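Visitor: Handing you a structure now.
FYI, it's all coordinate maths here, none of it is from the lab. These figures come from a predicted structure and were not determined experimentally. Cβ placement follows ideal geometry from the backbone for every residue including glycine, while neighbour counts extend to all protein chains displayed.
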Amino acid sequence: MRGFMKKIITVLCLVFTSAFLNAEVNMDQAKELLQSAEDSTCFYNTDMKGDYQIVHDKPGEGRNVLSAILYRRDSQRKWTILITGPDSDKGKGYLQFDSNIWFFDPSDKRFTFSSARDKFQNTNANTSDFAPQLYAQDYEISAYKESKLGKFDCILYLLKAVSKDVAYPEIKLWVSKADGLMRKREDYSLSSQRLRTIAVPSYQKITNKDKEYSVPVNMIIQDHLRGKKIDGKMQYEKTVISISNLVFNKVDDIVYTKPYLEMMSVK
């Protein structure tokens with residue numbers, strides 16, 4: 001009997017999902033889907049730890065590769081990034097707490113103030129790209145429509161900032177209707193100039209204590225301002241962030257403090 005009821009519930013879920021995918025989306029549904037996209041980037045009931053590889057391609061100049069460990073405690077809006085390679089950058093780090101972002105350089109043992117808009121180690125990523133993405137909280141829906149993105153049925157949003165703390169005042173966001181995940185994003189200036197494009201080709205599913213988390217396998221960031229003309233053709237900089245070895249468990253409180261970065265820089 002239990003197996004039969006489980007089959008019935010599964011069929012009903014498929015029917016409702018199919019109805020949503022094939023029906024015109026109203027504003028309430030659009031807001032709900034946008035909230036799902038935000039929620040998928042936030043881990044309020046646990047800490048997160050992951051290994052990050054940041055590959056920065058500069059046309060005509062080669063490739064730089066950074067490795068780092070990211071710790072996040074979204075419930076308190078705290079995160080720490082410890083750079084682990086290459087040796088020339090090892091021990092550098094970033095820390096957010098009390099809505100402030102600090103950068104630590106072990107060469108002079110000083111903390112300097114940073115912001116969500118600052119580039120991460122001169123790549124095409126911002127420090128804000130490593131934090132929760134508050135699409136529903138920091139933006140309002142200016143317009144939305146159905147859109148096909150490769151194999152994904154999406155809602156394409158035009159979002160205008162309602163918070164002064166965001167890195168970009170206007171963004172376009174493609175969210176897949178089937179799972180509420182961000183698939184593509186374009187960042188714009190106040191004058192509506194396109195500044196960056198971010199693509200997330202696939203997600204990894206991590207299960208911990210009966211909770212499933214969706215985290216990008218990698219994020220591809222194309223810069224539309226920084227580049228170089230090579231053989232008469234403009235080639236723009238690109239940064240790929242790859243994420244692996246994810247763990248969703250509480251970490252020590254000291255990880256989200258300045259003394260932790262200072263201590264780790266001498267190891």
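Visitor: How charged is the neighbourhood of Ile171? Take every other residue with its Cβ under 11 Å from the Cβ of Ile171, and add Lys/Arg as +1 and Asp/Glu as -1. Numbers along the way, then the final one.
Guide: Details: positive: Lys160, Lys172, Lys184, Arg185, Arg194, Arg196; negative: Asp138, Glu170, Glu186, Asp187.
Net local charge, Ile171 excluded: +2.
Visitor: A follow-up question, please. Could you pull the Rg and Dmax for the stretch 152-230, using just the Cα atoms, both in Å?
Guide: Over the stretch 152-230's Cα set, Rg and Dmax evaluate to 15.0, 51 Å.
Visitor: Mind checking the angle between helix 2-22 and the chain's longest principal axis? C-alpha axes, 0 to 90 degrees, to the nearest 10.
Guide: Relative to the chain, helix 2-22 is tipped by roughly 80 degrees.
Visitor: Where does the stretch 83-141 land on Rg/Rh, using Cα atoms and the Kirkwood Rh? Write down the numbers at each step before the final one.
Guide: Values: Rg = 13.4 Å, Rh = 12.8 Å.
Using only Cα positions, Rg/Rh for the stretch 83-141 is 1.04.
Visitor: Using only the Cα atoms, what convex hull volume per residue in Å³ does the stretch 49-154 have?
Guide: 166 Å³
Visitor: What fraction, in whole percent, of alpha-carbon pairs in the stretch 90-215 exceed 19 Å separation? Numbers along the way, then the final one.
Guide: Values: 4534 of 7875 pairs.
Beyond 19 Å sits 58 percent of the P(r) for the stretch 90-215.
Visitor: Starting from the stretch 29-118, pick out the GluC sites (Glu not before Pro) whose DSSP state is loop and whose Cβ has at most 11 other Cβ atoms within 10 Å. It would help to have the intermediate numbers written out before the result.
Guide: Working: sites: Glu32, Glu38, Glu61; in loops: Glu61.
Sites meeting the loop and neighbour criteria: Glu61.
Visitor: By the scheme Lys and Arg +1, Asp and Glu -1, what is the net charge of all other residues having a beta-carbon under 10 Å from that of Gly180? Don't skip to the end; give the middle numbers.
Guide: Working: positive: Lys177; negative: Glu32, Glu38, Asp39, Asp179.
Combined, the nearby Lys, Arg, Asp and Glu give -3.
Visitor: Another one. Once the convex hull of the C-alpha atoms of the chain is built, how many Å³ does it hold per residue, rounded to a whole number? Don't skip to the end; give the middle numbers.
Guide: On the way: hull volume 41.6 nm³, N = 267.
Roughly 156 Å³ of hull volume per residue.
Visitor: Could you give the Stokes-Einstein D for the stretch 186-267 in µm² per second, using the C-alpha Kirkwood radius, 25 °C, 0.890 mPa s? Write down the numbers at each step before the final one.
Guide: Numbers: Rh = 16.6 Å.
Value of D from the Cα-based Kirkwood radius: 148 µm²/s.
Visitor: Over the chain, what relative contact order in percent results from Cα pairs under 8 Å that are six or more residues apart? Walk me through the numbers on the way to the answer.
Guide: Values: 537 pairs, mean separation 53.1, N = 267.
It rounds to 20 percent for the chain.
Visitor: I've got another one for you. Using the alpha carbons of the stretch 170-216, what is the convex hull volume per residue in cubic angstrom, as a whole number? Write out the running numbers ahead of the final one.
Guide: Working: hull volume 3.7 nm³, N = 47.
Taking the convex hull of the Cα positions in the stretch 170-216, it is 79 Å³ per residue.
Visitor: Any chance you could check the Cα centroid distance between the stretch 39-104 and the stretch 177-238 for me, in angstrom?
Guide: Here the answer is 16 Å between Cα centres.
Visitor: If you don't mind, there's one more thing I want to ask. Taking θ as phi - 60°, what are the ³J(HN,Hα) couplings along the stretch 52-69 by the Karplus curve (6.51, -1.76, 1.60), each to the nearest whole Hz, with x for Gly and Pro?
Guide: Values per residue, Gly and Pro as x: 10, 10, 10, 10, 10, 9, 10, x, x, 10, x, 10, 10, 10, 10, 10, 7, 10 Hz.
Visitor: With axes computed from alpha carbons, what is the tilt in degrees of helix 27-39 against the longest principal axis of the chain, rounded to the nearest 10 within 0 to 90?
Guide: Tilt of helix 27-39: around 40 degrees.
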